[in-house]
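Values quoted throughout were computed directly from the atomic coordinates according to the rules given, and no laboratory measurement underlies them. Since we're looking at a predicted model, the values are computed, not measured. Cβ sites come from the backbone with ideal geometry, for glycine too, and all protein chains shown count toward neighbours.
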Ligand code: HEM
């Protein structure tokens, strides 16, 4: 009898401890929610699979394009302003630095479109498994290099 | 939490749809422009002007510019609300993010005016 009551008492204590522990865990959760909510964008603690690298590169290319619109408008402005302007614009993109910027923007736009189209396919659940995303990412990189190369060779 | 300082974004879903719709405008537009430069041999001033200042191309350029403004605004806004939070940008994050949004909108406004003046100059 004594033995049994001890047992019951013991298991109850165990239960209470477990309960207290879970209460304090959920308390931490509640506190966290109110004061410092967990942030999942700490880029330094992530290990990046290829699909993630393609995804962040898509974002970076978007920002570069945002600035690149200014270059495109400037070059177009120059080229259509007059005959002399056209010659100057041609010289601009023949200059190594101008060529680098233009080819860089073509590569950037190509990547953004190819990765963007892949993104749209995945919105429709085409190729959104982990494995497909890996091969899709490789396809994005290969296509970008091939298209940029072909365009560059044809233009210059 | 992201405090919305500029209340342009009424619905995330419509932003999502607009970003995709504008992407579907900008992709064929890019093909069109690239196609012109790739298939025109001996490019000169006359060919450039003749192509870009035909009425269909003026309409296409205007449409593309509007698409870029909408697309880039949603895109840049998304990026701002992802990174310019108190956790990353400090306690002035709301101010920094508003300033960032104003700069983005300002640049896009200049792009729009610039492009329309260029497109309809002839
Ligand atoms: C000059 C033209 C363009 C600019 C300045 C631009 C800029 C951007 C920016 C800043 C973003 C946000 C990136 C992010 O949230 O991670 C974005 C997203 C996106 N862009 Fe573009 N873009 C342009 C053209 C295009 C084109 C031609 C396509 C065609 C496929 C495209 C497809 C997309 C898609 C699908 C997204 C959404 C990605 C997401 O929801 O995370 N963009 N763009």
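Angle of helix B:55-83 to the longest C-alpha principal axis of chain B, folded into 0 to 90 degrees and rounded to 10: 20°. Principal-axis analysis of the Cα atoms of chain B puts helix B:12-39 at an angle of about 30° to the longest axis.
Test of understanding: extend the Cα→C-beta vector of residue B:36 to 7 Å, then name every residue of the range B:49-77 with backbone N under 18 Å from that spot. Under cut-off, by backbone N: B:49-69. Converting the Cα gyration tensor eigenvalues of chain B into ellipsoid dimensions via √(5λ) gives semi-axes, longest first, of 36, 15, 13 Å. Compared with the alpha-carbon gap, the fully stretched path from residue B:11 to residue B:49 is longer by 9.6 nm at 0.36 nm per residue. Computed over the range A:50-155, the P(r) curve from all C-alpha pair distances, binned at 10 Å from the origin, holds 15, 38, 28, 14, 6, 0 percent per bin. Between helix B:93-119 and chain B there is an angle of about 10 degrees, using the helix long axis and the longest principal axis of the Cα atoms. Placing pseudo-labels 7 Å out from each Cα toward the beta carbon at residue A:71 and residue B:112 gives an inter-label distance of 2.5 nm. Subtracting the Cα-Cα distance of residue A:153 and residue A:120 from 0.36 nm times their residue separation leaves 9.0 nm of extension gain.
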